[in-house]
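Student: I'd like to ask some things about the structure below.
Bear in mind that the values in this text are calculations on the coordinates, not laboratory data. The model shown is predicted, which means the values in this text are computed figures rather than measured ones. Note: ideal-geometry Cβ built from the backbone for every residue, glycine included; neighbour counts use all protein chains shown.
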Amino acid sequence: MNQPVSETKSGNAFAKYFFMLILGAVIGAFGAVYALNALHSNPEGKFRDGMMNTFGWNMGQLKKNVAEAKCTPTDTIPRIQAINVMARDLEAAFPKLADEPEFVKQATNLRTASNNALMAPPQTCDGVGEAMRNMGMACESCHKSFKD
Ligand code: HEC
């Protein structure tokens, strides 16, 4: 009851300031969530970027295997299998290009190159290198035609 007036005032000012601070933080957080949703609500883009980056990862593993002289079929086959299986869905991942004969041809080239490597799995690092070149040519020629 006998609380000094000035103290009450400064308490109110603090509460107001604190409220605005929290409000700002909440608005900021909503804004960030909204922006992230906008960035990520692109399932088609996610699918193909995921596919391409997984292609890249598997090629990278093969390159690393060669650098470390790990070139037994056990080291190699899972990587080529992953590329081969994913390559079946290239048209599904790029629905706008699925009717382009050139795109289908390049996709088929990657399927053929990875199939060939699986039918006669490389036994040496030179062989792994050759399989990588064959698959890599299919990657590159499609990128040349369809990747900006
Ligand atoms: C039949 C066509 C085709 C084949 C085959 C293909 N790609 Fe791609 N790739 C594309 C296209 C088109 C893009 C551009 C995607 C985009 O703009 O969303 C791309 C993009 C990429 C990217 C960039 C992804 C990103 O997040 O921006 C990488 C990495 C990649 N490809 C790796 C590979 C590798 C490695 C292979 C072979 C094993 C391969 N690609 C085979 C069509 C192909």
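Student: Out of the residues in region 41-64 that are farther than 19 Å from residue 113 by Cα and in contact (Cβ under 8 Å) with a residue 12 or more places away in the chain, which is surrounded by the most Cβ atoms within 10 Å (Cβ to Cβ)? Step through it out loud before you land on a result.
Tutor: Here is the first cut: in region 41-64, the ones farther than 19 Å from residue 113 by Cα are 41-50, 64.
Then drop every residue that is not in contact (Cβ under 8 Å) with a residue 12 or more places away in the chain, which leaves 44, 47-48.
Numbers: 44: 12, 47: 15, 48: 18.
Out of the qualifying residues, it is 48.
Student: Would you tally the residues in region 129-148 being within 14 Å of the ligand (Cβ to nearest atom) and closer than 17 Å to residue 71 by Cα? Write out each step before concluding.
Tutor: Quick first cut of region 129-148, residues within 14 Å of the ligand (Cβ to nearest atom) only: 131-148.
Then drop every residue that is not closer than 17 Å to residue 71 by Cα, which leaves 131-135.
So the answer is 5.
Student: Separate question: For residues that are crowded, with 16+ Cβ neighbours inside 10 Å and without any contact (Cβ under 8 Å) to a residue 40 or more places away in the chain, tally how many sit in region 101-116. If you could, list the steps in order and put the result at the bottom.
Tutor: Here is the first cut: in region 101-116, the ones crowded, with 16+ Cβ neighbours inside 10 Å are 103, 106-107, 109-111, 113-114.
Applying the additional criterion that residues be without any contact (Cβ under 8 Å) to a residue 40 or more places away in the chain yields 107, 109-111, 113-114.
Counting residues in region 101-116 that are crowded, with 16+ Cβ neighbours inside 10 Å and without any contact (Cβ under 8 Å) to a residue 40 or more places away in the chain gives 6.
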